[in-house]
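The values are calculated or read from the model by the stated rules, or taken from the named source; none is laboratory data. Just so it is clear, the structure is predicted and the values come from calculations on it, not from any experiment. Here the Cβ is made from the backbone with ideal geometry for all residues, glycine too, and neighbour counts use every protein chain on show.
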């Protein structure tokens, strides 16, 4: 077993003050948030920089602080250390079978309506003393939050995943074409993108979904006529329901009506008979997962093991 050669010269309190300053942008705002004096925050930053022998931030009067590149790196590490310290504390309040504490979960915004309720409800029943705070967002934003230590885990698509993100596959889904129920091709079992090339498309414009959709169309030799763009999954379905275009989506809600009650139909894509998009549970590659995160990972794999 590796032994600790000496105690670190910095304290968790110094890290805490540094993180608060970085997140609020000014020493005065950090002091207000921490309920301490500005001089206490400033002293903690000075001592931390002296101990680490680096400049963590540039302080400008009336302009707050700006992190140096080294400061940004230390910020990620400080968040991870503080999170681990919090885990050590909550472990003391847990027993072998019961988990206690908070879990920060991210979810790609179009996956959230069909994934989050199931996970929050099921995990909450199994571990009622764990509080899950969730954040919906685009893939790039959620990955930044993961790497910055603001999220423990995130549910994402297997699209444009950064190399510093680790992952497991939860389930796979085939993309489909969504049509209004009275569309001329609504009765066909399978629809070709080529047959829709001259019709308007409603593009789900929430990266990476938009990039993914346009790439699949390009691979199929089709240049879609994009008429409407929206970052909302339900708005895309609503526009299709009104006959304002077709959409290419992945998630398949059980309800085949829009918010207005208009019927829509899902059709497999002739040019993509075998293609499937994977839905992932992700976390920072170089971060040790907490007990809560490990148990949530096991729960997710168990929950989606029979999804087809």
With respect to residue 162, determine if the residue is out of contact with any strand residue (DSSP E or B) (no Cβ under 7 Å at 6 or more places or on another chain), over 26 Å from residue 252 (Cβ atoms) and outside any loop (DSSP other than H, G, I, E, B). no
Residue 198 - would you say it is touching a strand residue (DSSP E or B) at 6+ places or on another chain (Cβ under 9 Å), surrounded by fewer than 14 Cβ atoms within 10 Å (Cβ to Cβ) and touching a residue at least 24 places away in the same chain (Cβ under 8 Å)? yes
For segment 56-89, how many residues meet the condition of being assigned to a strand (DSSP E or B) and touching a residue at least 40 places away in the same chain (Cβ under 8 Å)? 2
If residue 69 passes every condition in (1) under 23 Å from residue 146 (Cα atoms); (2) modelled with pLDDT under 90; (3) crowded, with 18+ Cβ neighbours inside 10 Å but one, which one does it miss? (3)
Can you pull out the residues in segment 232-277 that are surrounded by fewer than 16 Cβ atoms within 10 Å (Cβ to Cβ), in contact with a strand residue (DSSP E or B) (Cβ under 7 Å, 6 or more places away or on another chain) and more than 17 Å from residue 185 (Cα to Cα)? 252, 257, 276
May I ask you to verify whether residue 131 is in a strand (DSSP E or B), surrounded by fewer than 20 Cβ atoms within 10 Å (Cβ to Cβ) and at pLDDT below 95? yes
